[in-house]
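Note sheet for the following structure.
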Amino acid sequence: MKVAIIGSGNVATVLGRLIIQKKHQVVQVMSQHIDHAKVLAEEWGANFADFNGLPDVTADIYIIAIADNALNDSLIRLSFHNKPVFHTAGSASKEVLKGVSKNYGVLYPLQSLRKEMTEIPAIPFLIDANNEETLEVLRSFANNLSNDVLIASDDERIKLHIAAVIVSNFTNHLYTIAEDFCNKEKVNFNLLKPLIMETALRIKELSPATVQTGPALRKDVVTLDKHLKILNAHPTLRTTYLRLTDSIMNP
């Protein structure tokens, strides 16, 4: 299948590489940043343009992989000749595309993607479309990219997007806070990495609720008090610690 990709960031880059890996052809890269589009186009043997250019009419489908909040502004000048066009946003309705094609939908990769990745991880895709014919085109394409494809409405997708922010963005922020604490207290954050990996691996087979451990769950007030005394020197972290402790103790 011939694919045109609109965007040149993390999602566009990784999806483009996956599409090439699965023996499809990327015929065009469009980006607000022409230099970025050129780099990816050269990697994939495609043509390139900025948003003042025209989408390649030879493409079978168009994938728009740009920031959720940039979708409306970026699409105003583009027309896709009523061919299937899909955005990759978790928080935007498929209806943002109704003005650019009669056939549109969503191809949302439920994964944290970075262009620096040396290996492409498993990517579940949530898909949706405005009509059955377009949905079937999308389903066939997505099933070629992944073994985990699920039809999800706008409402279902935004709820999963919220959960994704919690398990990925919030969790990584806690790692950042812990690393900063370790640096300030002159202890080695790297010693925590095996614990981070073990905690993540546990939930492959089990519900997170069944593997919760720690002083808050045990209501070990002696240990909690010791922690809080040390955290008096870190008031912002102390507040976070107290809120999470309360959430565990009083679910």
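The values are calculated or read from the model by the stated rules, or taken from the named source; none is laboratory data. The model shown is predicted, which means the values in this text are computed figures rather than measured ones. A quick note on method: Cβ atoms are made from the backbone with ideal geometry, for glycine too, and the neighbour counts reach across all protein chains shown.
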Test: LEU138 is hydrophobic (A, V, I, L, M, F, W, C), in a strand (DSSP E or B), more than 26 Å from THR199 (Cβ to Cβ) and touching a residue at least 24 places away in the same chain (Cβ under 8 Å): no
Where a residue in region 183-194 is surrounded by 10 or more Cβ atoms within 10 Å (Cβ to Cβ) and its partner, wherever it lies, is not in a loop (DSSP other than H, G, I, E, B), with Cβ under 6 Å and at least six apart: PHE189/GLU179; PHE189/CYS182
Candidate set: region 134-158, residues that are within 18 Å of LYS2 (Cα to Cα) and of a type in the set (D, E, K, R); chosen: the one surrounded by the fewest Cβ atoms within 10 Å (Cβ to Cβ): GLU136
Every residue from region 52-70 that is surrounded by 19 or more Cβ atoms within 10 Å (Cβ to Cβ) and under 20 Å from ASN82 (Cβ atoms): PRO55, ASP56, ALA59, ILE61, TYR62, ILE63, ILE64
Filter pass, ILE230 being assigned to a helix (DSSP H, G or I), within 23 Å of the chain's Cα centre (by Cα) and not polar (S, T, N, Q): no
Residue match in region 10-21 (condition: in the same structural domain as ALA89 (by TED's automatic domain parsing), in contact (Cβ under 8 Å) with a residue 12 or more places away in the chain and not in a helix (DSSP H, G or I)): no
Selection status of ILE120, free of Cβ contacts under 8 Å to residues at least 60 places away in the same chain and within 29 Å of LYS204 (Cβ to Cβ): no
